[in-house]
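The values are calculated or read from the model by the stated rules, or taken from the named source; none is laboratory data. Model, not experiment: these values are computed from the prediction. When we count neighbours, we look across all protein chains shown, and the Cβ atoms used for this are built from the backbone with ideal geometry, even at glycine.
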Amino acid sequence: MKSHDGSERKRKEFIVYDAIIIGGGPAGLQAALTLGRMHRKALLLDSGAYRNGTVPHAHNLLTNDGRDPAELRRLARAEIAAYETVEIQDAVAAEVARTDSALVVTVDGVPLSTTAVILATGLADDLPPIPGLGERWGDRVANCPFCHGHEFAGQRVAVLNAGDHAAMLAAMLEPVASEVLVIDPEGVRDVGDAATGLRLHLDDGTTEDVAGAFVAPTSRQRAPFADQLGLERQESGAVRVDPFGRTSVEGVYAVGDMAHPDHLPGPMASLAAAIAAGQLAAVAVVQADAQVRAASPS
Ligand SMILES: Cc1cc2nc3c(=O)[nH]c(=O)nc-3n(C[C@H](O)[C@H](O)[C@H](O)COP(=O)(O)OP(=O)(O)OC[C@H]3O[C@@H](n4cnc5c(N)ncnc54)[C@H](O)[C@@H]3O)c2cc1C
């Protein structure tokens, strides 16, 4: 993009960052690492609200199967610290706006200008209002059989509110669990502990003991930026992106659980997919910057 007088270099003097990354989960952290390795000036903002914030052990991530996600984030930050052009702030971004010449991210009332914004703000989950479910979310209660199915191998599990997906979820778990109970969540009064893991108290007065339960939460964008920027959405509610995370607004990228390209039916919500998306968007940011540099050598 050219400034009014055609001088990209001049415009850049007023822009503090090559990229501001909003989100310190796997997608944002990987974007920061990639930008750091290419010596781009980047700021990562992290409000500390992670989708897997209640999860003691994350699975299905090569070389880190079973690692505490908080430890993964700590290790990632330590790696990123080796790259001096990247700064990490534990802070909440309030607003993202596009001006004629830059993107502006407001943090604690301070506007920060940047050439690119990588949104990695994730999704928030609303669980069915069953007492006891929320306290066990991420441990004995989960949504993803790829992440938490094997931990219940050879045991009884329940599928609680997967709606149209219940049969598919039960079929996926069939080779893993000894038995899969599909239960209408309306009929579950509360969830407590049992020697097997969970005790489901049903409305008819009976109980079912299972090792774990799978529920399909209602997920929504955690941050308001897609709305603020008027980003194009997918039917899933996620932000519509191309394979490199580019959104419908120039210079704005969206990665991780909050976005997906047209060829996928929904966000591929996993650590590995979020890491891959974060890396691709950072590559696209570097390529865009390199194109500008190549067009106006100093
Ligand atoms: C219960 C559960 C268990 C899971 N277990 C696994 C597993 O075992 N293996 C696996 O591969 N996947 C698992 N997942 C999926 C995985 O957690 C997500 O796919 C992954 O965390 C997505 O990463 P992300 O970077 O997109 O978002 P997140 O990890 O959710 O990170 C979002 C980031 O954005 C920040 N943010 C949001 N708004 C703002 C703001 N305004 N200002 C600043 N920062 C902001 C947050 O603080 C956070 O840092 C699980 C998910 C759930 C719900």
Can you confirm whether the stretch 152-171 contains a residue that is part of a loop (DSSP other than H, G, I, E, B), free of Cβ contacts under 8 Å to residues at least 24 places away in the same chain, farther than 30 Å from Gln287 by Cα and within 16 Å of the ligand (Cβ to nearest atom)? no
Quick check on the stretch 126-139. Is at least one of its residues more than 20 Å from the chain's Cα centre (by Cα), in a helix (DSSP H, G or I) and surrounded by 17 or more Cβ atoms within 10 Å (Cβ to Cβ)? yes
Residues of the stretch 42-71 being touching a residue at least 60 places away in the same chain (Cβ under 8 Å), farther than 25 Å from Ala226 by Cα and touching a Pro at 6+ places or on another chain (Cβ under 7 Å), in sequence order, are Val55, Ala58
Filter pass, Ala223 being out of contact with any strand residue (DSSP E or B) (no Cβ under 6 Å at 6 or more places or on another chain) and modelled with pLDDT under 95: no
So which of Gly212, Gly245, Gly266 is of a type outside the set (Ser, Thr, Tyr), within 19 Å of Gly23 (Cβ to Cβ) and in contact (Cβ under 8 Å) with a residue 60 or more places away in the chain? Gly245
Counting just the residues of the stretch 209-228 that are out of contact with any Ser or Thr (no Cβ under 6 Å at 6 or more places or on another chain) and assigned to a strand (DSSP E or B), which one comes out farthest from the ligand (Cβ to nearest atom)? Val210
